[in-house]
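Written out below as structure tokens is the structure these notes cover.
The values are calculated or read from the model by the stated rules, or taken from the named source; none is laboratory data. Just so you know, these numbers come straight off a predicted model, no measurement behind them. Because the Cβ atoms are built from the backbone with ideal geometry, glycine has one as well, and the counts that use them run over all protein chains shown.
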Amino acid sequence: METNVVLVGFSGAGKSTLGKLTAPLLGLRFVDLDSYIEQKLQYKVPQLFSQFGELVFRKSEYDALQELLEDEGQLIAVGGGAPCYAQAMKLIVENSFSVYVKLSEEALVERLANSKKPRPLTKDLTHDDLETYVRETLKKRAPYYEQAHLIISAEDITPEDLAQAILAELPQ
């Protein structure tokens, strides 16, 4: 495949898991944007958030995304907030085949509440606060996510079946 595929969606939607499964099926190199940033800047994402704040992180995220999209042959999983900063979603749509990995609010709350990987924006929230955060944040982010070329529900489907569904929808 001579283009890039970018997975967008809320934190906890399974973009990284799905990307790792799907990239080899497409003959693409998998890149997790957060890992790429950590390697490039020599800071873990939670450190970037705590030491420099969300705005500096989002700028770093945008710059890294722009850099990655200059090459082809990658499947890139971006963080949940990445498409909502500056013109990031426009950049994604114009330079890749974008896929919104969509889950319900309830499923996202469940996954985030039970996540082994602490997320900077949700790690200290009570369950009620997490529900409120997901509902309010998803409402703000959905218009960005919904600009993707493909919207695919990750509800009640295995990552393997989801990867096959994405393969079936990709333009030839």
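Yes or no: the range 88-110 includes at least one residue that is of a type in the set (A, V, I, L, M), in a loop (DSSP other than H, G, I, E, B) and touching a Phe, Trp or Tyr at 6+ places or on another chain (Cβ under 7 Å).
Scanning the range 88-110, I find at least one residue that is of a type in the set (A, V, I, L, M), in a loop (DSSP other than H, G, I, E, B) and touching a Phe, Trp or Tyr at 6+ places or on another chain (Cβ under 7 Å), so the answer is yes.
Look at the range 4-28: where a residue is touching a residue at least 40 places away in the same chain (Cβ under 8 Å) and on the phi < 0 side of the Ramachandran plot and a partner is of a type in the set (Ser, Thr, Tyr) and part of a strand (DSSP E or B), sitting 6+ places away or on another chain with Cβ atoms under 7 Å, you get VAL6/SER98; VAL8/SER98; VAL8/TYR100. For the condition at positive phi and among the acidic types (Asp, Glu), ASP128 does not qualify.
Residue by residue, here is whether (1) more than 18 Å from ALA142 (Cβ to Cβ); (2) among the hydrophobic types (A, V, I, L, M, F, W, C) holds:
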residue	(1), (2)
TYR62	yes, no
VAL78	no, yes
LYS102	no, no
GLU105	no, no
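In the range 141-172, of all residues being more than 15 Å from the chain's Cα centre (by Cα) and either of a type in the set (Lys, Arg) or in a loop (DSSP other than H, G, I, E, B) (or both), the one that is modelled with the lowest pLDDT corresponds to GLN172. Listed by first and then second residue, the pairs with beta-carbon distance under 7 Å, at least 6 apart or on different chains, first residue in the range 141-161 and on the phi < 0 side of the Ramachandran plot, second acidic (Asp, Glu), are LEU150/GLU169. Against the numbered list (1) at pLDDT 95 or above; (2) in contact with a Lys or Arg (Cβ under 9 Å, 6 or more places away or on another chain); (3) surrounded by fewer than 17 Cβ atoms within 10 Å (Cβ to Cβ), SER104 comes up short only at (2). For the range 72-99, filtered to residues that are touching a helix residue (DSSP H, G or I) at 6+ places or on another chain (Cβ under 8 Å) and over 15 Å from ASP32 (Cα atoms), the residue that is modelled with the lowest pLDDT is ALA86. LEU121 fulfils the conditions (1) farther than 13 Å from VAL6 by Cα; (2) over 15 Å from the mean Cα position of the chain (by Cα); (3) of a type in the set (A, V, I, L, M); (4) surrounded by fewer than 20 Cβ atoms within 10 Å (Cβ to Cβ) except for a single criterion, (2). Is it the case, given these coordinates, that LYS59 is crowded, with 21+ Cβ neighbours inside 10 Å and either charged (D, E, K, R) or on the phi > 0 side of the Ramachandran plot (or both)? The answer is no for LYS59.
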